[in-house]
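Undergrad: Structure in C-alpha cells, see below.
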Amino acid sequence: MLAKALLEDCITAALGTGGDFAEVFVEDRFSNTLSMVGGKVDSSVSGREYGIGIRIFQGTNCVYAYTNDGSRESLLRVAKEAAEALPGVSGTRCLNLLKGTLPQVNLIHTLPHTIDKQRKVAIMTRAYQVAKEYDLIISQVSVRYFDEDQHVQIANSSGLLVEDRRVRTRTGITAIASKGTEKQSGTYAPGAHMGFEFYDKIDIDTYAREAARIASTMIHADYAPSDRMPVIIDNEFGGVIFHEACGHSLEATAVAKKTSVFADKIGEKIASEAVSAVDDGTIPNSWGSLNVDDEGHPTRRNLLIENGILRGYLVDMLNGRRMQAKATGNSRRQSYKFAPTSRMTNTFILPGPYSKDEIIANTEYGLFARYMGGGSVNPATGEFNFAVNEAYMVRNGKVMEPVRGASLIGKGSEILMRIDMVANNLACGQGMCGSLSGSVPTDVGQPTIRVSEITVGGRKGDK
C-alpha cells in the first residue's frame, strides 16, 4: 500500500488543472486456481496483480488512468497526464487524509495461502469421486478450485482513506452425462467471502451429487414444449432472473442515462404486490459482500422494491452526481484496470407467505424451473432470455416428467407484474456478474416464485 504523503501528493497533482474530485485506488491481489479433469489436476495457476487507478471528476465529466508502476515519479506523472484531460483552473486546496476504521463484516479465520495445495487437491478429488460414482451414465467430471486474497487502499480528495482485505474461496463442479451422441451437464459452484474455513461449513459431497444428479436426470428428459404458460422458478440460483431482468436496470449506470426501463419511477408500482427485493452487501461472509465498496463507502442494505413499489436504485458517486443522489455503497470494479460504477452485491427477492409445496399444488399446468442457467438482458427494454438447466412439467398440482432445452423469454417489467405467489424458502447462489466495470462476485437469490404466464422456448420431439 502507498504512504499517506504519496497519496496526498497524487491527489493534489490530479486536481492540478481544475478537477473538483480525485481518487486513488490501490490493489494488491493474490489468486490461485486449480483445475481437475478426469480425477487429475491438469492446471495450476497462481498469480499476483498489483496496480493503481487514478480517477478525476469535473462536474459530471470523468477521466480514469491506471498503472502498475507504484513509484512516486510514475504516479505523479500519471496523475498529471490524467488531469490534463480535464482543462480548467486549479484552486487552492489543503488536503489531509484521515484514515478511517472499517466495520469488519466479513471475518476471515484461515487464509487460503497458508493451506498446502495437497489439501485443496484432496477436496477436489473428493468432489470428483462423489460425482463420478453417482451414476454410470456420468462420463466426465471437472472440478475447479479458486481462492483470492485482495488488499485495497482507497483515498480521495474528500479526505477519505481506508484499507480493506477481501478473501474469497470457491469450488465449481461440473458433471457430464452421455447417452450415445447426446450429452447433458450439471454444475454447482458454491463460494463465499471466506477463508479456507469455508470447507468446514459446507458438505462438498452434497454439491457434487447435485451436479451429477442434474446431468443424469436431464440426459433422460424429453424436450420442453414451446408455449406461454405459468412457470414456477425455484429458489437459490433461480434469483438470476431477477438479477438480470430487473437488477441491472436498477443500477445508476443505466438509470442516470435514462436508458433503463425503470428510470424516474421511484414511488411507482413496477411489480406485483407480492414482490419485495433488496440488495445487501452487509451479509457476513456472503460471496457478494464487502466491508466497503470500491469507492471506500461502507456497504449497506438497500431496499429496491417494497410490495411492488420501486423504492431505490444502486448508485455510485459519478452517476450520483448526474442523478443528484447519494452513493449507496454499490460501486464496484473487477480490478484497478477498471473505473468503478454501480453494481449489485447480494440481490434477492424477500420471502413470501407460501410454502413451495403450496405453490406447486396450486398450479394446474406449467413448467417448474428447478435450476436456471445463463442468460442476457437489455437494460433499456428489460427484454431477457434465460436457459433452464433443469426443468419439469407440472400437471394437476404435481411435478411430473423432466424436460430439457427450455428457455424463458420475456421483459423484466412484465414478469415482475406477473409474480403472483412467493414462497418462504429464501436461498442464494453464487455467480460472476459482468458489466462496464468488469466481472465481480455477486449472490443472486429468491424464494420459490410463480410467474402466472411467461413464454417458454423449447420444442416438441422424441428423445
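Rule-based calculations on the coordinates, nothing more; no lab input. Just so we're clear, the structure is a prediction, and the values are computed from it rather than from any experiment. Using ideal geometry, Cβ is built from the backbone for each residue, glycine included, and neighbour counts are taken over all protein chains shown.
Undergrad: Let me check I've understood the local charge: for Val167, count other residues with C-beta under 11 angstrom from its C-beta, Lys and Arg +1, Asp and Glu -1. What total comes out?
TA: Values: positive: Arg29, Arg165, Arg166, Arg168; negative: Asp147, Glu148, Asp149, Asp164, Glu197.
Every neighbour counted, the sum reads -1.
Undergrad: Need one number: nm distance between label points at Val45 and Leu95, each 7 Å from Cα along Cα→Cβ, rounded to one decimal.
TA: Taking the simple label geometry, Val45 and Leu95 are separated by 3.5 nm.
Undergrad: Now for a separate question. Under a crude label model (7 Å from the Cα following the beta-carbon direction), how far is Leu102 from Leu6 in nanometres?
TA: If labels sit at Leu102 and Leu6, their model points lie 1.9 nm apart.
Undergrad: In percent, what relative contact order does the chain have, based on Cα pairs under 8 Å that are 6 or more apart in sequence?
TA: 16
Undergrad: Determine the calculated [θ] at 222 nm for the chain from helices alone, applying -39500 (n - 2.57) to every DSSP H run no shorter than 4 residues and normalising by the residue count; nearest 500 deg cm²/dmol.
TA: Values: 9 runs with 81 residues, N = 463.
Taken over the chain, the calculation gives -5000 deg cm²/dmol.
Undergrad: Could you give the dipole magnitude of the chain about its Cα centre, charging the beta-carbon of Lys and Arg +1 and that of Asp and Glu -1, in debye to the nearest 20? Could the numbers behind the result be given before it?
TA: Details: 51 positive and 53 negative charges, 75 e Å.
That gives the chain a dipole magnitude of about 360 debye.
Undergrad: Quick one: compute the contact order of region 227-457, relative version, from alpha carbon pairs under 8 angstrom and 6+ residues apart, as a percent. The partial results should precede the final answer.
TA: On the way: 674 pairs, mean separation 70.9, N = 231.
Reported as a whole number, the value is 31 percent.
Undergrad: Continuing with this model, one more query. Write down the radius of gyration of region 1-111 and its Dmax, each obtained from C-alpha positions, in Å.
TA: Answer for region 1-111, Rg first and Dmax second: 18.9, 65 Å.
Undergrad: Describe numerically, in nm with one decimal, the distance between label points set 7 Å from Cα along Cα→Cβ at Glu197 and at Lys117.
TA: Reported label-point gap for Glu197 and Lys117 is 2.7 nm.
Undergrad: Output the peptides 337-347, 421-431 sorted from most to least packed, where packing is the average of other Cβ atoms within 10 Å over each peptide's residues.
TA: Working: 337-347: 25.5, 421-431: 20.5.
By packing density, highest mean first, the sequence is 337-347, 421-431.
Undergrad: So, one more: With the Cα gyration tensor of region 227-457 in hand, convert its eigenvalues to equivalent ellipsoid semi-axes via √(5λ) and list them largest first in whole Å. Present the calculation step by step, with values, prior to reporting the outcome.
TA: Numbers: eigenvalues 182, 57, 50 Å².
Working through the eigenvalues yields semi-axes of 30, 17, 16 Å.
Undergrad: Give the whole-number value, in cubic angstrom per residue, of the convex hull volume spanned by the C-alpha atoms of the chain. Mind dumping the intermediate values first?
TA: Values: hull volume 66.2 nm³, N = 463.
Convex hull volume per residue, Cα atoms: 143 Å³.
Undergrad: Mind ranking 253-266, 227-240, 321-334 by how tightly packed they are, going by the mean number of other C-beta atoms within 10 angstrom, highest first? Walk me through the numbers before you get to the answer.
TA: Values: 253-266: 18.6, 227-240: 23.1, 321-334: 20.1.
Going by the mean number of other Cβ atoms within 10 Å, highest first, we get 227-240, 321-334, 253-266.
Undergrad: I'd like the FRET efficiency for Lys326 and Asp227, computed as 1/(1 + (r/R0)^6) with the beta carbon distance as r and R0 of 56 Å, rounded to 0.05.
TA: Numbers: r = 45 Å, r/R0 = 0.81.
It comes to 0.80.
Undergrad: Quick check: net charge around Gly329, other residues with Cβ under 11 Å of its Cβ, Lys/Arg +1 and Asp/Glu -1?
TA: Details: positive: Arg300, Arg301, Lys326, Arg332, Arg343; negative: Asp279, Asp280, Asp293, Asp294, Glu295, Asp316.
Around Gly329, the surrounding residues sum to -1.
Undergrad: Further question on the same structure: Among rounded, prolate and oblate, which fits region 288-414 when a ≥ b ≥ c are the square roots of the eigenvalues of its C-alpha gyration tensor, a/c under 1.5 means rounded, and a/b larger than b/c means prolate? Numbers along the way, then the final one.
TA: Details: a/c = 2.52, a/b = 2.07, b/c = 1.22.
Prolate, since a/c reaches 1.5 and a/b exceeds b/c.
Undergrad: Okay, next question. What does the C-alpha gyration tensor say about the overall shape of region 165-266? Classify as rounded when a/c is under 1.5, otherwise prolate if a/b is larger than b/c, or oblate. Show your work: numbers first, answer last.
TA: Numbers: a/c = 2.90, a/b = 1.24, b/c = 2.33.
It is oblate, given that a/c is not under 1.5 and a/b is not larger than b/c.
Undergrad: Now for a different question. How high is the FRET efficiency from Glu414 to Ile266, r the C-beta distance, R0 22 Å, rounded to 0.05? Write out the running numbers ahead of the final one.
TA: Values: r = 20 Å, r/R0 = 0.90.
The value I calculate is 0.65.
Undergrad: Still on this structure, I have one more. Of the options Tyr354, Ser139, Leu2, report the single residue whose Cα projects farthest towards the positive end of the charge dipole of the chain (beta-carbon charges: Lys, Arg +1; Asp, Glu -1).
TA: In the chain, that residue is Ser139.
Undergrad: A follow-up question, please. Please give me the summed charge of the neighbours of Ala215: other residues whose Cβ is under 14 Å from its Cβ, Lys and Arg +1, Asp and Glu -1. Please report the intermediate quantities before stating the final value.
TA: Numbers: positive: Lys132, Lys179, Lys183, Arg209, Arg213, Arg370, Arg404; negative: Glu133, Asp135, Glu182, Glu210, Glu390.
With Lys, Arg at +1 and Asp, Glu at -1, the neighbours total +2.
Undergrad: Could you order the peptides 298-307, 384-393 from most to least packed, using the average number of other C-beta atoms within 10 Å per residue? If you can, show how the numbers build up before the last one.
TA: Working: 298-307: 18.6, 384-393: 22.5.
Packing proxy ranking, top to bottom: 384-393, 298-307.
Undergrad: Another question, if that's okay. Using alpha carbon centroids, what distance separates region 215-271 and region 305-358, in Å?
TA: Cα centroid of region 215-271 versus Cα centroid of region 305-358: 15 Å apart.
Undergrad: Which of the aspartates and glutamates could a cross-linker span from Lys269 if the Cα-Cα distance has to be under 17 Å and same-chain partners fewer than 8 positions apart are dropped?
TA: Glu306, Glu414, Asp420
Undergrad: Straight-line reach from Lys183: which lysines have Cα under 20 Å away, leaving out those fewer than 8 places along the same chain?
TA: Reachable lysines: Lys132, Lys460, Lys463.
Undergrad: Something else about it: Using alpha carbon centroids, what distance separates region 38-114 and region 137-173, in Å?
TA: About 16 Å separates the Cα centre of region 38-114 from the one of region 137-173.
Undergrad: How long is the gain from Lys398 to Ser355 if the chain were fully straight, where each residue apart is worth 0.36 nm and the alpha carbon distance is subtracted?
TA: Working: separation 43, 0.36 × 43 = 15.48 nm, distance 1.41 nm.
Working it through step by step, the gained length comes to 14.1 nm.
Undergrad: Could you give the length gained by full extension between Arg311 and Ser439, i.e. 0.36 nm per residue of separation minus their alpha carbon distance, to one decimal place?
TA: Values: separation 128, 0.36 × 128 = 46.08 nm, distance 2.65 nm.
Taking Arg311 through Ser439 to full extension adds about 43.4 nm, to one decimal.
Undergrad: Let me ask something additional. If R0 is 25 Å, what FRET efficiency do you get for Ala380 and Arg301 from their C-beta distance, rounded to 0.05?
TA: Numbers: r = 28 Å, r/R0 = 1.10.
Efficiency, rounded to the nearest 0.05: 0.35.
Undergrad: Another question about this same structure. State whether region 415-463 is rounded, prolate or oblate according to the following rule on the C-alpha gyration tensor (a ≥ b ≥ c being the square roots of its eigenvalues): a/c under 1.5 gives rounded; otherwise a/b larger than b/c gives prolate, and the remaining case gives oblate.
TA: Working: a/c = 2.03, a/b = 1.31, b/c = 1.55.
Judged from the Cα gyration tensor, region 415-463 comes out oblate (a/c at least 1.5, b/c at or above a/b).
Undergrad: Taking Lys117 as the anchor, which lysines have their alpha carbon closer than 21 Å to its alpha carbon, excluding any fewer than eight residues away along the same chain?
TA: Reachable lysines: Lys40, Lys201.
Undergrad: Contour minus end-to-end for Leu136 and Glu81, with contour as 0.36 nm per residue of separation and end-to-end as the Cα-Cα distance? Please list the in-between numbers first.
TA: Working: separation 55, 0.36 × 55 = 19.80 nm, distance 6.23 nm.
Stretched fully, the Leu136-Glu81 segment lengthens by 13.6 nm.
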